[in-house]
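To start, the structure itself, in structure tokens.
The values are calculated or read from the model by the stated rules, or taken from the named source; none is laboratory data. Quick caveat: nothing in here was measured; it's all calculated off a predicted structure. Positions of Cβ are backbone-derived with ideal geometry, glycine not excepted, and every protein chain shown enters the neighbour counts.
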Amino acid sequence: MEHDNWQIIYFTLGVSILSTVLILPGGVLLAWLLARPRWIGKSLVETLVALPLVVPPVATGLILLELFGRRGILGSFLEKNLGIDIVFTWRAVVIALGVMSFPLLVRTSRVAFEEINPRLEEIARTLGAGETRIFFTLALPLAARGIVAGTMLAFARALGEFGATIMVAGNIPGKTSTIALAIYQYVQLSQDSAAFKLLGVSVLMAFAAVWMSEFILRRRPSRR
Amino acid sequence: MKNILRTITIALALAAGTFSLRAAEVYVSAAASLTDALKEIATTYDKESGDQLVFNFAASSVLARQIEEGAPADLIFSADEAKLDALEKLGLLLPGTRKSILSNTLVIVVPADSATHIKSAKDLTGPDIKKIALGEPSSVPAGIYAKEYLDKLGLWQKLTDKIVPVESVRAALAAVESGNVEAGIVYKTDAMISKKVKVAFEVPASEGPVISYPLAVIKDSKAPDAAKKLAAYLDSGPADAVFEKYGFIVKH
């Protein structure tokens, strides 16, 4: 395989892993909150989180571009105060991947939290455990399988993201070009054989990620 | 009542019949830089000819690829000769219909509110220019021309780290308009339609690459006569006037 393709594959894996790791703490915490009984604004938050799943990816990309562009609220703040450039850099790729895969992590983890018998938490509470302790020693271990499965799904989604990425990060060879973007570019240039190689790689990687998530979800919980 | 309905139906059918007999839909695959000029020409042409122009605007590289794959097109209007050379080689053009009718010039544009002082392409190497948008330099004509020019000046290698390649010349223009890049290289005609950018430097025609817009009728065209008629119109006085208004150089 061409040197360029290896760079693209490593880059795609790198940004996908990074974006997944970055959304993990917030995503799990939010999933837990959403699995809790009603609180003010819950349904609004639920809807907001699900939006990237249903809004066209390029539309999400446009929102991100408006926010993180040099003249956007966040973009201008970051540039002036920290000197960090977002749009058309690898950082934009990570942001796009994170936002697009966030709903998958939250929704899968939330189901896992909801499956925990509420009696267990009540018992823990009557025994004097605080909410933080319940989260770390009870909810988190019991929902671990669902969280790992959600993480794998989010990672798989990140690997294939196209629409939002091309809007905020462009398609810069060696800098923001991921597998999905490179396939598109190769086809434009009539370099179909290079496109097919990357296609094969992306199918393999996505297959592995989804299969692992299925495997983890189906496995019977270990008895304690 | 029944009779009235029948009369209306027959009248409608006849009207539809004559309409489809007279008016041909002409699918025009045209370079992104031609967007505004062609749209303006179309408003007059549709009325005068009775034909209807259906446009597909994209980078010429994308258009050529689509036609290779059998996309519906009657006329291609490319921003470089290389794309038509490739299509001609594949036998996809109607012989004898190819003609180069327009030229253009390259300009360096910066956001309208930009304070950078660019007086030549060399100034792009300065530290205040972090990103430069241009058409993808191996496929999009505007990018190929820009690279050719920068190469000739010995600047390309120095600038590669700053280059943001985008899918068409209009995408390069948009990137400058949004302020997300400090500069871009586009055609003069693109710069002219935007109020959000200003021309920092115009590449003199004698120094820049030869920019040529050829058109040709596609061999598999379903309306070759209408396409030929359109090709002739685009090379005539009324169309020339519009092209010149938008800043194109009309070749004769």
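The lone criterion from (1) in contact (Cβ under 8 Å) with a residue 40 or more places away in the chain; (2) assigned by TED's automatic domain parsing to the domain that holds residue B:181; (3) outside any loop (DSSP other than H, G, I, E, B) left unmet by residue B:122 is number (1). Taking the range B:157-176, which residues are away from chain A (no Cβ under 11 Å) and either without any contact (Cβ under 8 Å) to a residue 12 or more places away in the chain or touching a Cys at 6+ places or on another chain (Cβ under 9 Å) (or both)? Across the range B:157-176, the qualifying residue is only B:157. Of all residues in the range B:204-250, count the ones that are under 14 Å from residue B:104 (Cα atoms), of a type in the set (D, E, K, R) and assigned by TED's automatic domain parsing to the domain that holds residue B:63. Result for the range B:204-250: 3. Just one residue in the set B:168, B:212, B:194, B:138 is in contact with a Ser or Thr (Cβ under 6 Å, 6 or more places away or on another chain) and among the small types (Gly, Ala, Ser); that residue is B:212. Against the criterion of being basic (Lys, Arg), closer than 23 Å to residue B:245 by Cα and touching a residue at least 60 places away in the same chain (Cβ under 8 Å), residue B:188 qualifies. Under the condition of being farther than 16 Å from residue A:157 by Cα and in contact with a Gly (Cβ under 8 Å, 6 or more places away or on another chain), the residues counted in the range A:60-75 number 8.
Based on this model, can you work out whether residue A:70 counts as buried (at least 19 other Cβ atoms within 10 Å of the Cβ) and among the basic types (Lys, Arg)? Judged against the criteria, residue A:70 is a match. Listed by position, the helices (runs of 4 or more DSSP H) inside the range A:140-224 whose residues that are surrounded by fewer than 22 Cβ atoms within 10 Å (Cβ to Cβ) and aromatic (Phe, Trp, Tyr) number at least 2 are A:179-188, A:192-218.
Kindly indicate whether any position in the range A:106-119 is crowded, with 17+ Cβ neighbours inside 10 Å, of a type in the set (S, T, N, Q), in contact (Cβ under 8 Å) with a residue 60 or more places away in the chain and within 14 Å of chain B (Cβ to nearest Cβ). Within the range A:106-119 (the criterion being crowded, with 17+ Cβ neighbours inside 10 Å, of a type in the set (S, T, N, Q), in contact (Cβ under 8 Å) with a residue 60 or more places away in the chain and within 14 Å of chain B (Cβ to nearest Cβ)), the answer is no, since none of the residues qualifies. Are there any pairs, at least 6 apart or on different chains, whose C-beta atoms fall under 9 Å, with the first in the range B:40-57 and within 18 Å of residue B:245 (Cβ to Cβ) and the second in a strand (DSSP E or B) and among the hydrophobic types (A, V, I, L, M, F, W, C), and if so, which? What qualifies is B:41/B:53; B:42/B:28; B:42/B:53; B:42/B:55; B:45/B:53. Regarding residue B:172, is this residue in contact with a Gly (Cβ under 7 Å, 6 or more places away or on another chain) and either surrounded by fewer than 22 Cβ atoms within 10 Å (Cβ to Cβ) or hydrophobic (A, V, I, L, M, F, W, C) (or both)? When the stated conditions are applied, residue B:172 passes them. Is it the case that residue A:15 is out of contact with any Cys (no Cβ under 9 Å at 6 or more places or on another chain), surrounded by fewer than 19 Cβ atoms within 10 Å (Cβ to Cβ) and either in contact (Cβ under 8 Å) with a residue 12 or more places away in the chain or assigned to a loop (DSSP other than H, G, I, E, B) (or both)? It is false that residue A:15 is out of contact with any Cys (no Cβ under 9 Å at 6 or more places or on another chain), surrounded by fewer than 19 Cβ atoms within 10 Å (Cβ to Cβ) and either in contact (Cβ under 8 Å) with a residue 12 or more places away in the chain or assigned to a loop (DSSP other than H, G, I, E, B) (or both). Looking at the structure I just gave you, is residue A:194 of a type in the set (Gly, Ala, Ser) and away from chain B (no Cβ under 14 Å)? Spelling it out, it is not the case that residue A:194 is of a type in the set (Gly, Ala, Ser) and away from chain B (no Cβ under 14 Å). Taking residue B:146, is it crowded, with 23+ Cβ neighbours inside 10 Å and not assigned by TED's automatic domain parsing to the domain that holds residue B:27? Answer is yes for this residue.
Exactly one residue out of A:170, A:150 is closer than 30 Å to residue A:68 by Cβ, within 14 Å of chain B (Cβ to nearest Cβ), in contact (Cβ under 8 Å) with a residue 40 or more places away in the chain and of a type in the set (Gly, Ala, Ser), and it is A:170.
A count restricted to the range A:74-93 and to residues that are of a type in the set (S, T, N, Q) and in a loop (DSSP other than H, G, I, E, B) stands at 1. The residues listed here are B:179, B:154; of these, the one that is within 14 Å of chain A (Cβ to nearest Cβ), at positive phi and either surrounded by fewer than 24 Cβ atoms within 10 Å (Cβ to Cβ) or in a strand (DSSP E or B) (or both) is B:179. Taking the listed residues A:108, A:47, the one that is touching a Gly at 6+ places or on another chain (Cβ under 6 Å), β-branched (Val, Ile, Thr) and assigned to a helix (DSSP H, G or I) is A:108, with no other qualifying.
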